[in-house]
1. For segment 82-121, enumerate the residues that are of a type in the set (A, V, I, L, M) and either surrounded by fewer than 20 Cβ atoms within 10 Å (Cβ to Cβ) or more than 16 Å from ALA49 (Cα to Cα) (or both).
2. Under 9 Å between Cβ atoms, at least 6 apart or on separate chains: pull out the pairs that start in segment 85-102 with a residue that is of a type in the set (Asp, Glu) and end on any residue that is assigned to a helix (DSSP H, G or I) and surrounded by 15 or more Cβ atoms within 10 Å (Cβ to Cβ).
3. Taking segment 122-144 as the search range and keeping residues that are closer than 21 Å to ALA49 by Cβ and among the acidic types (Asp, Glu), which one is surrounded by the fewest Cβ atoms within 10 Å (Cβ to Cβ)?
4. List pairs: first in segment 59-74 and at positive phi and among the polar types (S, T, N, Q), second surrounded by 24 or more Cβ atoms within 10 Å (Cβ to Cβ) and modelled with pLDDT under 95, Cβ under 7 Å, 6+ apart or cross-chain?
5. With the structure loaded, tell me whether VAL50 is assigned to a helix (DSSP H, G or I) and under 22 Å from ILE34 (Cα atoms) or whether it fails that test.
6. Scan (1) over 16 Å from ARG36 (Cβ atoms); (2) at pLDDT 90 or above for the single condition ILE81 breaks and write down its number.
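The values are calculated or read from the model by the stated rules, or taken from the named source; none is laboratory data. Quantities reported herein were computed from a predicted structural model and do not represent experimental measurements. Note that we place each Cβ from the backbone using ideal geometry, even for glycine, and neighbour counts take in every protein chain shown.
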Amino acid sequence: MARIRSLLLAVFVASAAIAAPVEQRQIGSLTCNIDRFKIVAGLVSTGKAVGAIDTTDPDTATAVAAAQAGLKAAGDSIKNIALALVTGQPAPADARTGVSQGLNDTRSALDGITNTAVADSVAAAQTKLQAAIDDGNAVISDCK
């Protein structure tokens, strides 16, 4: 939970920071900064939903661990982007790719869960994940 709070704080600081004029894109509009906040919030809610999946079945447990690893990778990449924004640097391309890859890895892991006993929990996590992906796409389109 502390990691999530630090991630939220980093994004908040990044959205409130005033970067050098050369990096105007990094500051972003109000819409851009709301989108940034929403993807972080989406990762948090997705993480909660993934954590609620019953991992009694070993295959499900493996897939849930992979989904959590994907979320962690996406979150770590967002932290790197937030750090760049705070320091007035351009967001590293590899960090942007890391967010996408982490979300895709999470989707693949959740899609691989075939245990019908947890179908409702998996569907809830997939819905939260899709919302986070949509928020990430909004960041790409609105933060120009």
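1. Those that are of a type in the set (A, V, I, L, M) and either surrounded by fewer than 20 Cβ atoms within 10 Å (Cβ to Cβ) or more than 16 Å from ALA49 (Cα to Cα) (or both): ALA82, LEU83, ALA84, LEU85, VAL86, ALA91, ALA93, ALA95, VAL99, ALA117, ALA119.
2. ASP94/SER77; ASP94/ASN80
3. Going through the qualifying residues, I end up with ASP134.
4. none
5. Against the criterion (assigned to a helix (DSSP H, G or I) and under 22 Å from ILE34 (Cα atoms)), VAL50 does not qualify.
6. The single condition ILE81 does not satisfy is (1).
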